[in-house]
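Comments concern the structure below.
The values are calculated or read from the model by the stated rules, or taken from the named source; none is laboratory data. Keep in mind the model is a prediction, meaning the values are calculated, not measured. FYI the Cβ positions are ideal-geometry reconstructions off the backbone, even for glycines, and counts take in every protein chain you see.
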């Protein structure tokens with residue numbers, strides 16, 4: 001038996017990319033990212049949840065109205081591509097889960113940077 005929850009959240013933020021070729025993305029620019037986090041668990045926590053939707057919102061909202069380079073790359077230099085943003089979110093959620101529901105794991109994180117451009121991270 002498996003339980004699965006998913007939360008869709010939109011955040012606005014700015015970033016720039018460190019690229020080895022000419023690109024407008026080297027300049028600071030913004031997006032309204034649409035992020036979908038899916039978490040699964042074999043067992044529910046003591047409250048009867050896989051994870052509280054509010055917790056997912058709080059984790060993802062660390063990016064809202066921020067310079068993403070400063071959040072995602074705060075501990076080490078990480079190029080804030082959609083792929084790396086998805087991975088960062090998955091790691092943040094998994095850190096939370098280790099305290100709240102040890103049977104739960106991130107199944108996938110989807111980051112839509114703009115219409116038609118999506119990246120997924122599947123741990």
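Condition first: in contact (Cβ under 8 Å) with a residue 24 or more places away in the chain and assigned to a loop (DSSP other than H, G, I, E, B). Now tell me which residues in region 29-51 satisfy that. If you could, list the steps in order and put the result at the bottom.
Of the residues in region 29-51, the ones in contact (Cβ under 8 Å) with a residue 24 or more places away in the chain are 31, 33-45, 49-51.
If the condition is that a residue be in contact (Cβ under 8 Å) with a residue 24 or more places away in the chain and assigned to a loop (DSSP other than H, G, I, E, B), then 42, 43, 44, 45, 49, 50, 51 are the ones that fit.
Within region 93-104, being part of a helix (DSSP H, G or I) and buried (at least 22 other Cβ atoms within 10 Å of the Cβ) holds for one residue alone: 93.
Go over the candidates 56, 44 one by one and state the one that is farther than 18 Å from residue 113 by Cα and crowded, with 20+ Cβ neighbours inside 10 Å. Before you say what the answer is, go through the steps one by one.
Numbers: 44 fails: crowded, with 20+ Cβ neighbours inside 10 Å.
Within the list 56, 44, the selection yields 56.
Tell me whether region 62-75 contains one or more residues that are part of a helix (DSSP H, G or I), touching a helix residue (DSSP H, G or I) at 6+ places or on another chain (Cβ under 6 Å), free of Cβ contacts under 8 Å to residues at least 60 places away in the same chain and buried (at least 17 other Cβ atoms within 10 Å of the Cβ). Taking every residue of region 62-75 in turn, at least one turns out to be part of a helix (DSSP H, G or I), touching a helix residue (DSSP H, G or I) at 6+ places or on another chain (Cβ under 6 Å), free of Cβ contacts under 8 Å to residues at least 60 places away in the same chain and buried (at least 17 other Cβ atoms within 10 Å of the Cβ).
Test of understanding: among 10, 110, which residue is assigned to a strand (DSSP E or B), modelled with pLDDT of 95 or more and surrounded by 19 or more Cβ atoms within 10 Å (Cβ to Cβ)? Give the steps one after another, and end with the answer.
Numbers: 10 fails: surrounded by 19 or more Cβ atoms within 10 Å (Cβ to Cβ).
So the residue among 10, 110 that is assigned to a strand (DSSP E or B), modelled with pLDDT of 95 or more and surrounded by 19 or more Cβ atoms within 10 Å (Cβ to Cβ) is 110.
Remark: pairs (first residue in region 99-120, without any contact (Cβ under 8 Å) to a residue 40 or more places away in the chain and on the phi < 0 side of the Ramachandran plot; second residue surrounded by fewer than 17 Cβ atoms within 10 Å (Cβ to Cβ) and not in a strand (DSSP E or B); Cβ separation under 6 Å; 6+ apart in sequence or on different chains) = 119/83.
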